[in-house]
Structures are given as structure tokens and as C-alpha cells.
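The values are calculated or read from the model by the stated rules, or taken from the named source; none is laboratory data. Quick caveat, the model's predicted, so the values are computed rather than measured. With ideal geometry, Cβ positions are generated from the backbone for all residues, glycine too; neighbour counts draw on all protein chains shown. These accessible areas exclude ligands, DNA and RNA; they are computed on the full protein's heavy atoms, side chains included. Shrake-Rupley method; radii C 1.70, N 1.55, O 1.52, S 1.80 Å.
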Amino acid sequence: MTDPRKIAEHGVSALLKAGANKAHCRLVRTERHELNVASGEMSLWRTTFDDQVLLLAIKDNRKASVTLNKSDPEAISGAAEEVLAMTQGAQPDEANDIAESQPPASFSVGHGTPDWEAMHRRMREHLEDTSTRYPKVLLMQAILEFVRQDSYLVNSNGVDLSAKKGVYRFTSVFSAKENAKVSSFNGIQVSLRDLRLPLSEAGSVDRLYREISEQVHTRPVPDKFTGDVIIAPDTLGDVLNFLTFSIRDRALISGTSVYKNSLNQALASPLLNLYSRPVSDEIADGYFFTADGYPAKNSTIVDRGVLLTFLLSLYGSKKVGQERAVNDGEAYVVGAGETPLEEMVKSVERGIVLVRFSGGNPSDNGDLSGVAKNSYYIEGGQIRYPISETMLSCNVADVLRNIEAVSRERVNYGTKVFPWVKASGVTISGK
Amino acid sequence: MGGIAGRIDLTKFTGLFKTYTELRAQENSITQIMFVKGNNVANVRSVTSGVSARAYKNGAWGFASSPALTPEAVSLVLQVATENALFLDAKEQKGKAPLPLQTISSVNDFSTKKPRLSQKELLDFVRQIDADIARRYPNLASRTVTLNCLDMEKTLVTSDGSHSHSLIPRSNLSVILSLEKDGQPVELAEVYGGLGQFEHVFDSPSSLDEAIDRQFEHLSKKSEGVYPKAGMHTCVLDANLAGILAHEAIGHTCEADLVRGGSVAGEWIGKQVASPLVTLVDFANTALGERCPVPVYVDDEGTPAQDVVIIEKGVLKSFLHDKESALYFGVAPTGNARAFQFSDEPLIRMRNTAILPGESQLEDMIASIEDGYYLMKPGNGQADLTSEFMFAVNLGYEIKNGKLGRAIKDTTISGIAFDMLKTVSMVSADMKWLNAGMCGKKQPIPVGMGGPAIKCQVKIGGR
């Protein structure tokens with residue numbers, strides 16, 4: 001059996017036959033073609049094929065699941081028996097459920113096959129272009145891959161969803177060196193629908209290569225002070241992760257989320273607008289349906305600082321008595337503001353541009369500290385120099401409330417679209 | 001032989017090797033059971049297996065993998081991997097030399113000999129721990145108990161003539177306890193377990209009572225904790241922090257691929273980079289007569305795994321290598337090439353990285369500090385080519401006049417590792433391993449990190 005839909009249907013049948021009251025099967029067939037650069041040289045061409053089959057059963061309100069990467073009927077039938085055996089010891093929970101019946105839907109985006117010659121040509125061009133324009137840059141690892149994913153989701157309530165996606169992804173990890181002086185490394189990943197443009201034009205690749213060339217010579221900020229931070233689009237996701245984690249199942253079920261009572265309340269500056277847009281044209285590498293089995297829709301998470309939705313799964317929504325989210329989050333877009341980046345820098349009396357943040361995960365209450373990497377010191381409205389050995393301490397919930405400006409300019413990474421965001425009240429300390 | 005090796009005999013396919021080739025079959029089995037505040041939110045198993053081939057031609061690598069463990073799939077991945085190498089060789093024409101020859105035959109199976117428990121019995125075990133926590137600490141705001149078991153089974157043949165089979169299991173139980181203080185959550189996580197399958201690692205739920213009591217006691221003190229003072233301080237880093245320092249801040253800078261990527265360590269071989277009290281080793285499988293948390297006997301290129309002395313009495317001695325980097329640097333491979341999934345190519349990875357014990361006692365180290373901190377539990381950590389590091393610290397105490405004081409809130413330490421290691425003035429005589437390390441570098445990989453407590457100068461984030 002090679003037809004993926006029939007495999008998924010067989011998964012549901014096998015679970016029901018094994019005794020499930022409710023059954024759910026998701027098959028993801030992935031083909032990956034990957035061209036790798038190591039230490040500035042093309043080093044590896046990698047081709048992988050894989051199937052991931054998720055079998056999930058609910059029996060007497062007890063839930064279990066098995067994931068395997070075999071799709072033959074015997075393997076799936078055996079795994080279905082195992083899933084049902086696993087349900088026996090599980091905790092009964094009335095919140096365990098599968099998606100209700102919906103009309104079948106199919107989705108498709110991108111190319112079905114990679115253009116090997118174009119992949120090689122773009123990577124060769126990138127190596128030559130980088131060494132010419134940014135001779136200090138060392139491409140430690142660069143990967144251009146084409147990923148084709150065919151997904152099928154079927155359940156015993158009649159859900160029947162399928163999606164085909166073909167996307168190129170470019171990843172670069174790089175540093176810069178001048179004689180014995182070396183910069184910090186930095187990295188970027190950008191998803192692309194095609195290879196029409198040079199790789200240096202993807203996302204913020206060109207800016208980051210230019211900046212890292214400057215970052216061979218760094219120094220700490222002069223002392224300890226409370227100042228402003230301009231959070232670059234490259235690291236804005238690290239800050240927003242605290243918010244998006246805190247409105248998901250685990251934080252809300254455990255009751256540890258600082259936002260558990262914040263629905264329809266202001267939790268951030270009115271300048272912040274946050275969306276999840278997995279099915280929009282601006283997101284090259286989104287998704288079409290949720291893990292539970294609902295077609296994904298775009299949503300507004302934060303509107304002018306007000307939290308409009310949690311990111312709850314079907315289980316989480318039943319558990320905490322709030323609405324299920326219309327998507328699984330990710331594909332985040334922050335709305336553009338009205339401040340040109342240049343003006344934003346001029347408005348900072350003392351602070352930093354934060355380009356990469358190396359830190360722990362925030363505490364449940366939002367306390368966070370870490371090191372500013374690949375970043376710049378600002379004084380008197382001017383960028384002064386690239387920094388090292390500089391720590392930040394803040395509370396992320398406070399930072400979101402203290403946003404003072406959002407830039408007009410934004411960067412599209414294919415999986416997210418972010419501007420620069422300026423916030424005040426962050427403790428910044430040098431050596 | 002059962003498992004992967006019993007399902008397919010890779011030696012039958014060596015006749016299809018056209019150039020330098022590695023052929024590997026692998027199965028990763030994962031069990032996860034999670035209870036959040038008494039809710040059984042995860043009851044899952046995952047089994048991922050398949051076969052991969054990697055071929056080398058004049059400096060160009062080709063790789064292919066398939067989830068099928070059939071003769072047809074093995075032949076196909078060998079063909080595609082070879083074609084990929086030839087395609088890249090034709091395009092790039094690097095003309096590099098053959099890789100160094102390494103040959104070994106090895107079998108290392110750490111599966112339990114005890115009867116295996118059913119998923120229901122595992123669920124009952126975790127549920128019992130969760131219920132005991134709820135009963136014994138009624139003022140907790142929340143609790144999360146998670147069992148994670150990973151078995152990695154690999155069988156490998158190479159064109160050099162190496163054959164190896166290994167099954168390396170790891171079983172960890174993570175306990176996160178959370179109190180509410182002034183309306184704000186305060187949590188403390190701890191991980192128990194290590195090398196071995198569940199039945200080998202865990203006895204009864206009550207065997208963890210004492211450790212969880214200690215965890216709760218620390219959490220209670222942390223909920224009354226204060227912000228540490230930001231800036232440079234004299235500190236004692238407990239063994240777990242010294243281990244993550246060895247891995248993140250030094251180990252990564254000494255991976256040969258990162259040395260080629262510009263790591264500062266490349267300039268300092270043979271030079272004094274740390275206090276003479278510091279000796280740092282990436283152990284392959286056995287340290288100080290004891291088996292390491294992640295024992296590696298043969299790496300995924302078929303190289304016998306060797307211990308690598310990275311720093312000896314403060315002097316930087318050597319780097320971690322795979323075959324290609326060994327060829328580049330003109331040294332012998334060290335057996336550090338490791339892959340996580342069947343579909344992953346081997347990369348230069350650490351195994352069990354540790355600072356060796358010294359001669360001091362922990363209590364003397366604390367007593368020697370007038371105003372500083374005792375930092376006990378790490379969160380995540382990151383490092384850089386410059387050896388600038390950052391680790392989250394989730395548990396620590398003030399030291400005032402040689403005595404432990406108030407607990408501190410979550411914080412971060414940072415610095416330039418090669419500068420910081422020069423300030424090490426005392427090293428404790430004991431040694432502990434952190435058994436749950438998972439390192440990320442294109443792929444995740446289980447690692448061991450260990451060490452004694454060290455006294456040093458380090459920068460703390462705070463307010």
C-alpha cells in the first residue's frame with residue numbers, strides 16, 4: 001500500500017478494530033534534498049525519504065498514541081494494537097477528544113520536485129558573492145534544502161484533510177575572522193517558495209554578513225545602566241516566545257501562566273499587534289491544518305496590546321474551559337509600526353540594538369537574563385560600536401508593556417515576519 | 001542477534017560499495033509519559049528506524065536514507081548516496097585525499113536483562129510519583145512529572161572493514177515543582193535517572209522520595225529568594241555547572257569543525273588557557289574506572305572511540321575529530337563522529353565531557369568566600385566561538401562570611417571561558433555527572449557532562 005490517504009484510512013480502521021472508541025491517524029511523507037557547505041566548501045549532498053505515521057486512540061476517555069516511520073499495513077496494525085494496550089493504564093479524562101466531522105479539504109503550495117542545478121548554482125553564487133563582498137566572513141555551515149511534505153489526517157469522525165507543500169530552506173551559520181581576532185557566530189534560516197533571487201537577498205542574510213564583518217572588534221558597554229533596547233527582527237521571536245508559551249496548553253493547565261486571567265485584557269503596549277498567519281501568502285512555510293485535525297485559519301493574537309486568544313488545543317480548551325485556537329500558533333507576524341528604524345535609533349539616549357540573545361528560558365513570571373550577542377551599543381542617538389560581554393536583565397512581561405516604538409521596516413523569514421521593536425527599562429551591564 | 005541487526009545483515013551489501021562508504025541501520029525508540037498537575041497529558045511511544053549510507057569521493061560526500069529495512073532499500077540508499085557524492089565531486093572537483101583507514105569490530109548492548117515493564121506499569125509508576133508529590137507537598141501551585149526513555153540501537157559496516165552494533169539506552173524522570181509567591185510562580189526542576197533502560201535505572205517510586213524532599217526544600221527557600229547582585233563575583237560552581245561549562249564553553253570551541261570555523265581555540269593549542277588546577281577530558285566511554293552516562297565505543301564512521309584530553313593542567317592539548325577533520329589537521333581521528341537518527345549524517349560531537357576532580361572539599365571552598373555565591377543547578381547553556389558562554393542558573397545561594405545565606409532567584413552567568421578558567425583557585429575532590437544532557441548542533445545528541453565543584457570568578461546577571 002503506497003497511497004498515503006489509504007494508509008491513513010487503514011490506520012483509523014486498525015485502531016477501531018483494535019477497540020478504540022475514537023481514532024485519529026496522521027501521515028507525513030517527507031522527501032528532503034539538502035546541499036551542505038562546511039567550512040566554506042560544498043561538502044555533502046543529502047537525500048532522505050521518511051514517513052511519520054501517528055496513531056492516536058481514545059478508549060473509555062483514556063488516550064494513547066504511537067508514532068512510527070513504517071507505513072506497511074502489518075506495521076500499522078501492530079502499532080494500533082500497541083496503542084490500545086497503552087490506553088489501559090492511562091488516566092481517564094473527559095477532555096480527551098478528536099476533531100468533529102468537517103467537509104474534506106485538500107491544500108497545495110510550492111513545487112513538487114527540487115531543481116538540483118539551480119540549488120547548486122545559487123549556492124556556488126552565494127559562496128563567491130560572500131567571499132568577494134564580505135571577505136572576513138567564514139561560512140561555518142550553510143544548507144540549502146528542498147523539502148517536499150505530503151500530509152494526510154483522517155479520523156473516525158470523518159475528518160479527511162490533505163496537504164502538499166514544497167519549500168526551499170536556506171540556513172547559514174557564520175562568523176568573521178581578521179588575523180587572530182574572531183567574532184561571535186550568528187545564524188539565520190529563511191524559507192523560500194523558489195530560487196528566483198540570490199540567497200544573500202533572503203531575509204536579513206546580507207545585513208547579518210555585513211554586521212558580522214564589523215563584529216571582529218568588540219567591547220563591553222561602559223558600565224551598568226537601565227536603558228532602551230531595540231530588538232532586531234532576528235531575535236524578536238525569542239522575546240515573543242515567552243508570551244506564546246504562556247498562552248499554550250501546558251502553562252494554562254498547570255496554572256503557572258502569568259497570562260491565565262488576561263484574555264481580552266491589555267498585556268502589552270498598544271503598539272504591539274501580533275498575528276499567527278499559517279495560511280497567508282506572506283508566510284512561505286506555513287501549514288494548512290492543525291495537529292488536532294482542523295483546517296488552520298489566520299488569527300489575531302494581540303490587537304493593540306490586548307490578548308484576543310489563547311493558543312489552546314482541543315484538549316487544552318476543554319481542560320481550561322476556553323475556546324480552541326483556530327491554528328497551532330507559529331507563522332507569527334508582528335504588524336509594522338510607524339517609526340523608521342533610523343528615527344528609532346536617534347530616539348535612544350542610551351541602550352543597545354539587540355541582534356541575538358543568548359539566554360536561558362524566562363522564568364514562569366517572565367524574569368530573564370542573558371548575553372547580548374552580535375549587538376551594538378547606542379549612545380546619544382547613534383550606534384557606537386559592536387559589543388561583547390554585555391548582559392541584559394529584564395522581565396519579559398514588563399518589556400512587552402514598555403514597547404515605545406515599532407519600526408516601519410520588517411524582515412520576512414518565510415516562517416515569520418518581524419519589525420524592530422524598541423522597549424525601555426532593561427538593565428544592561430558591561431564587564 | 002535481535003533488534004536491528006537481527007532484521008537485516010548489512011555485511012551482505014558491502015559488495016555494492018563503490019567508494020569509501022558507511023552503511024548504518026538504526027532504530028530510536030522513545031517513550032514519554034507526562035502528568036501535569038495530575039492530568040495525564042502525554043502517553044506516547046515513538047519508534048523511528050531505517051537505513052542510511054554515506055559515500056565519500058575526493059572530498060565530496062553523498063548521503064541517502066530510507067525508512068524501509070529491506071534489501072531493496074539498502075541497495076537504493078547505497079546507489080543514491082554514491083550518485084550524490086559523484087554529482088558533487090563532478091561539480092566541485094576538490095581532489096582531496098582518501099580518508100584515514102580505521103578498522104574495528106565491536107558489540108555493546110546496554111539493554112536490561114530484567115523483564116520489561118508494560119506501558120501500564122510505567123504509567124502507574126509515574127502516576128504514583130505524581131500522587132505522592134501532591135500528597136506530601138499540599139501547598140504546591142503546580143507539578144509536572146515526565147518520564148523520557150530513549151533507546152538508540154545502531155549497526156554499522158564500513159568500507160574500511162569496521163563492524164559495530166550498539167544499544168545505548170537512557171531513562172530520565174523529570175520533576176518540576178512550582179510554588180506561588182506574591183502571585184508569581186516560582187519553579188525548580190530536577191532530573192533523575194541516566195544510562196540504562198527503565199527497569200535498570202529505577203526501583204520503586206518511593207526510592208526518589210528523599211531526593212524530591214531535597215528538591216522541595218530548595219524550592220521553598222528559592223520562593224523566598226532574592227535577586228543576585230549583577231556583576232563579577234567569587235563563586236563556587238557546583239559539579240553540574242562545572243559539567244555544562246566543560247561542555248558548552250570549552251568542548252564546543254574545541255570541536256575541529258568549529259576550529260575551522262574560526263574558534264579562538266585554534267590559536268591557542270599548546271598554550272596555557274586555564275589554571276593549572278584544570279584538566280578537561282572528553283571521555284569516550286569510561287572515566288576514572290566508571291562507565292560514563294553516554295558510553296561510545298565506536299563512532300558512526302567506524303572509528304574506535306578514544307578519550308580526548310582537551311586541557312591538561314591548564315594547557316590546551318587537542319581537538320575533537322572525525323575522519324575528515326583528522327585528515328585536514330594531520331592527526332588521528334578520535335571517534336567523535338555521531339549521528340542522532342538513521343537519517344542523519346555523523347557530525348563532530350562530544351561524548352562525556354568533564355573537568356577532572358581536584359583535592360579540595362566543598363565546605364572548605366564555601367568557607368573561603370567572604371561575599372559571593374554558591375551556584376548549584378544549571379538550566380540551558382550556550383557558548384560561542386569566542387568561548388563567551390551563558391548558562392541559566394536555576395538554584396543558588398548567597399555566601400556571606402563563609403556561610404550559605406539566602407537562596408537566589410533564577411539568574412544567568414556568563415563570561416569568556418578561557419579567561420574564567422584562569423581564575424579557578426580550588427577544585428573539589430568529588431565528581432558528579434549530569435545524565436540528561438542533550439546537545440544541539442544541526443541534530444540533537446545525548447551527551448554526558450560532569451565535573452567537581454570549582455571556585456572561580458564569574459559574572460552574574462541580576463538587577
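At-a-glance table
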read-out: Debye, to nearest 20: dipole size of the range A:246-305, +1 on Lys, Arg Cβ, -1 on Asp, Glu Cβ; value: 280 debye
read-out: Cα gyration tensor category, rounded, prolate or oblate, for the protein assembly as shown with a/c compared to 1.5; value: rounded
read-out: Local net charge near A:Lys22, Cβ-Cβ under 10 Å (Lys/Arg +1, Asp/Glu -1); value: +1
read-out: Accessible surface of chain B [probe 1.4 Å, protein heavy atoms]: carbon and sulfur percent; value: 51 percent
read-out: Summed residue charge, Cβ within 10 Å of B:Gln26's Cβ, Lys/Arg positive, Asp/Glu negative; value: -2
read-out: Inter-centroid distance (Cα atoms) of the range A:2-47 relative to the range A:327-364, Å; value: 36 Å
read-out: Anisotropy class of chain B from Cα gyration tensor, a/c 1.5 cut; value: oblate
read-out: Cβ-based net charge around A:Ile98, under 9 Å, with every Lys or Arg adding one and every Asp or Glu removing one; value: -2
read-out: Filtered GluC sites (Glu not before Pro), the range A:88-175: DSSP coil and at most 14 other beta carbons within 10 Å; value: A:Glu94, A:Glu100
read-out: Sparsely packed GluC sites (Glu not before Pro) within the range B:369-410, loop by DSSP, other Cβ within 10 Å at most 13; value: B:Glu370
read-out: Carbon plus sulfur fraction of accessible area for the range A:4-214, probe 1.4 Å, in percent; value: 48 percent
read-out: Chains A and B, summed buried accessible surface - 1.4 Å probe, Å², nearest 100; value: 6300 Å²
read-out: Relative contact order (%) - criterion: Cα under 8 Å, at least six apart; region: the range A:219-431; value: 31 percent
read-out: Listing of the range B:154-188 residues, each with accessible area lower by at least 30 Å² in the full protein assembly than in the chain alone (probe 1.4 Å); value: B:Gln184, B:Pro185, B:Glu187
read-out: Accessible carbon and sulfur surface of the range A:348-431 relative to its total accessible area, %, 1.4 Å; value: 40 percent
read-out: Too-long pairs where the Cα-Cα distance tops 28 Å, listed order kept, from A:Lys22/A:Lys319; B:Lys37/B:Lys222; A:Lys177/B:Lys422; value: none
read-out: Check: the range B:231-460 dipole with +1 on Lys, Arg Cβ and -1 on Asp, Glu Cβ, in debye; value: 340 debye
read-out: The range A:187-235 and the range B:128-175: distance between their alpha carbon centers, rounded to Å; value: 37 Å
read-out: Cα gyration tensor shape of chain A, rounded if a/c is under 1.5, else prolate or oblate by comparing a/b with b/c; value: oblate
read-out: Filtered trypsin sites (Lys or Arg not before Pro), the range A:196-255: DSSP coil and at most 13 other beta carbons within 10 Å; value: A:Arg196
read-out: Surface per residue (accessible, 1.4 Å probe) for the range A:249-403, Å²; value: 36 Å²
read-out: Karplus 3J(HN,Hα) series, Hz, for the range A:113-129 with 6.51 cos²θ - 1.76 cosθ + 1.60 (x for Gly, Pro); value: 9, x, 9, 4, 4, 5, 4, 5, 5, 5, 5, 4, 4, 5, 4, 5, 4
read-out: Gap separating the Cα centres of the range B:24-65 and the range B:196-264, nearest whole Å; value: 26 Å
read-out: Threshold 30 Å², the range A:56-87 residues less accessible with all protein chains present than alone (1.4 Å probe); value: A:Ser65, A:Thr67, A:Asn69, A:Lys70, A:Glu82, A:Met86
read-out: The protein assembly as shown - charge dipole about Cα centre, Lys and Arg +1 at Cβ, Asp and Glu -1, debye rounded to 20; value: 380 debye
read-out: Å² of accessible area per residue within the range A:18-78, as computed with a 1.4 Å probe and no ligands counted; value: 31 Å²
read-out: Farthest toward positive dipole pole in the range A:219-431 [+1 Lys/Arg, -1 Asp/Glu at C-beta], among A:Ser375, A:Gly255, A:Thr235; value: A:Gly255
read-out: With all protein chains modelled, accessible area of B:Lys221 [1.4 Å, Å²]; value: 100 Å²
read-out: On Cα atoms only, tilt of B:119-136 relative to the major axis of chain B in degrees; value: 20 degrees
read-out: Rounded accessible area of A:Asp398 (nearest 10 Å², 1.4 Å probe); value: 60 Å²
read-out: Accessible area of chain B divided out per residue, in Å², using a probe of 1.4 angstrom; value: 35 Å²
read-out: Selected from A:Asn395, A:Thr415, A:Thr339, residue furthest toward positive end of dipole (the range A:298-431; charges at beta carbon); value: A:Thr415
read-out: Links that overshoot a 26 Å alpha carbon limit, given the list B:Lys181/B:Lys377; A:Lys297/A:Lys373; A:Lys6/B:Lys120; value: A:Lys297/A:Lys373; A:Lys6/B:Lys120
read-out: Shielding by other protein chains, B:392-398, mean Cβ within 10 Å; value: 2
